[in-house]
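Here the structure comes first, spelled out in structure tokens, and everything after it is commentary.
The values are calculated or read from the model by the stated rules, or taken from the named source; none is laboratory data. This one's a predicted model, so the numbers in the text were calculated from it and none came from an experiment. Cβ placement follows ideal geometry from the backbone for every residue including glycine, while neighbour counts extend to all protein chains displayed. Protein only, heavy atoms only, side chains kept; ligands, DNA and RNA dropped before computing areas. Shrake-Rupley method; radii C 1.70, N 1.55, O 1.52, S 1.80 Å.
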Amino acid sequence: MAKHNPTPSSSSVASVFLRKRWMMLIMVLVMFSVALIIRSGIGVDSTPCDCRHDVAVPSQKKFSSVSPPPLRPPFVTAAPSPSPLSFMKSKLVLLVSHELSLSGGPLLLMELAFLLRGVGADVQWITNQRPSGTDSVIYSLEHKMLTRGVQIVSARSQEAVNIALKADLVVLNTAVAGKWLDAVLKEKVHLVLPKTLWWIHEMRGHYFSLDYVKHLPFVAGAMIDSHVTAEYWKNRTQERLRIKMPKTYVVHLGNSKELMEVAEDTVAKRVLREHVRESLGVQNEDILFAIINSVSRGKGQDLFLNSFHESLIYIKHQKLQVPPIHAAIVGSDVNAQSKFESELRAFVESKKIQGHVHFVNKTLAVAPYLAAIDVLVQNSQARGECFGRITIEAMAFQLPVLGTAAGGTQEIVVNGSTGLLHPVGKQGVMPLARNMVKLATHVERRLTMGKRGYERVKERFLERHMEQRIAAVLKDVLRNVKAHQKAH
């Protein structure tokens, strides 16, 4: 923006404008700090799945002008549609989490807790691995649960045993939480297993241990975030552990109502975009690619930066007429920089691309960055993400996604329509670089992909879709629990 010396009148106008802008920004950011405290997109592993089967069933994969709306009569409001989880009213539900943190698994279980509380269920929460000292994150999350009516129970107390025995349903969250069963329930564990739903998000090899999952064949069911992960668990438990999976349900996740409200608010998005870009030193017309994940080798930030560097070289050599391009790594930790992150920063310096690459500290409020960027890169390696909620959040903001052809990303992104997929590993570096150039040089394609992604979210990845899928699972599990109790 060109500098000028304002007259007194123009200065006062500018001052009023800036005050209004900052007031709007503050209101939006406050809204985010409240509305987006619960989200799963950070650090939940997932696998690919057949998007034609996105309902909660047992996994079977081998497995012009616009007229204003008419005015309603005074004092008459539309009745809200009943929740598909309304049958859970007055049910006693025990939720067991291996930890309470800002990672995907615990936050997702908290979402379920709030959905159940919303229909009048009695929800009790146990954190199995709780540090003895004071932890500000745990305190904040527990306070949020208590204010919503979720009761906190000590993991190793007699009260925990009593609630588990009395509960209509026990939800065990993540494979690691399996250790709580023997440690606390001991000889009474067989009384609780038939009414336990095991919600699994992991797909790394070290989770396939009998120390964690020896009771898995005896629970009422397993709920997994994607078809590929469900198939992976089925095969690995049989081949490696010689145990059989219980009845397995695949439930794709959905975006919260709060996030969708922001994603569909043009004014809020514009304000957030301007603020974030200004803080990064990125102009409005520049193209910003971002990877939003915890910084680790498994999330592929190193390969992403290699691809970004290659795209810069190609644009320069081909003398392509494109706006400046930038890359953002959202999810770093300035307070405890890991060896891997130090390697990332060293790479940026060695290639002299510091002016193009921006490191952003980890945050729960990802919406401001989704509003600010042009393309999301989901570059998780190996088996990919179990689901990858940040992907559907980006699509809600009408962003195209460049993702690895692995894990749950394949169940979300329609290659060539809502984004472009590339191989995992080093062999994916050049294909990703070419895809970045494609979207940088073809604005219409970028925008069209973003719109198609948004339409796909509206069709199958909203909170109400997830709620319907979970409701179908819980109904089936409770039906089976009732049948088991009658038989015994």
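Quick check on my filter: what residues within segment 220-272 are assigned to a helix (DSSP H, G or I), within 23 Å of SER209 (Cβ to Cβ) and open to solvent by 20 Å² or more (accessible area, probe 1.4 Å)?
VAL228, GLU231, TYR232, LYS234, ASN235, ARG236, GLN238, GLU239, ARG240, LEU241
Can you go through HIS309, HIS317, HIS275 and tell me which one is in the same structural domain as GLN354 (by the TED database), in contact with a Leu (Cβ under 7 Å, 6 or more places away or on another chain) and either buried (at least 18 other Cβ atoms within 10 Å of the Cβ) or at pLDDT 95 or above (or both)?
Unique residue meeting the criteria: HIS275.
A quick yes/no check of all residues on (1) on the phi > 0 side of the Ramachandran plot; (2) β-branched (Val, Ile, Thr); (3) buried (at least 21 other Cβ atoms within 10 Å of the Cβ):
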position	(1), (2), (3)
LEU399	no, no, yes
ARG434	no, no, no
LYS438	no, no, no
ILE470	no, yes, yes
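Would it be correct to say that GLN129 is part of a loop (DSSP other than H, G, I, E, B) and modelled with pLDDT of 80 or more?
The answer is yes for GLN129.
List the number of the failed condition for ALA177; all other conditions in (1) crowded, with 21+ Cβ neighbours inside 10 Å; (2) more than 16 Å from LEU216 (Cα to Cα) hold.
So ALA177 meets the others, but not (2).
Go through the residues of segment 65-86 one by one and say whether even a single one is open to solvent by 30 Å² or more (accessible area, probe 1.4 Å), at pLDDT 85 or above and aromatic (Phe, Trp, Tyr).
No, segment 65-86 contains no residue that is open to solvent by 30 Å² or more (accessible area, probe 1.4 Å), at pLDDT 85 or above and aromatic (Phe, Trp, Tyr).
Is it the case that some residue within segment 320-327 is in a helix (DSSP H, G or I), of a type outside the set (Phe, Trp, Tyr) and over 26 Å from the mean Cα position of the chain (by Cα)?
Among the residues of segment 320-327, not one is in a helix (DSSP H, G or I), of a type outside the set (Phe, Trp, Tyr) and over 26 Å from the mean Cα position of the chain (by Cα), which makes the answer no.
Each row is one residue, and each column tells you yes or no for (1) modelled with pLDDT of 90 or more; (2) of a type in the set (A, V, I, L, M); (3) farther than 20 Å from ARG464 by Cα.
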{"position": "VAL219", "(1), (2), (3)": "yes, yes, yes"}
{"position": "ALA222", "(1), (2), (3)": "yes, yes, yes"}
{"position": "THR229", "(1), (2), (3)": "yes, no, yes"}
{"position": "TYR232", "(1), (2), (3)": "yes, no, yes"}
{"position": "THR248", "(1), (2), (3)": "yes, no, yes"}
{"position": "HIS252", "(1), (2), (3)": "yes, no, no"}
{"position": "LYS257", "(1), (2), (3)": "yes, no, no"}
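Identify all residues within segment 149-198 that are part of a loop (DSSP other than H, G, I, E, B) and in contact with a Ser or Thr (Cβ under 8 Å, 6 or more places away or on another chain); write none if there are none.
ALA155, THR174
For segment 407-423, enumerate the residues that are farther than 17 Å from VAL457 by Cβ and open to solvent by less than 10 Å² (accessible area, probe 1.4 Å).
Passing the criteria: GLY407, HIS422.
If you take the residues of segment 349-388 that are open to solvent by 10 Å² or more (accessible area, probe 1.4 Å) and touching a Gly at 6+ places or on another chain (Cβ under 6 Å), which of them is nearest to ARG273 (Cα to Cα)?
Restricting to residues being open to solvent by 10 Å² or more (accessible area, probe 1.4 Å) and touching a Gly at 6+ places or on another chain (Cβ under 6 Å), the top hit is LYS362.
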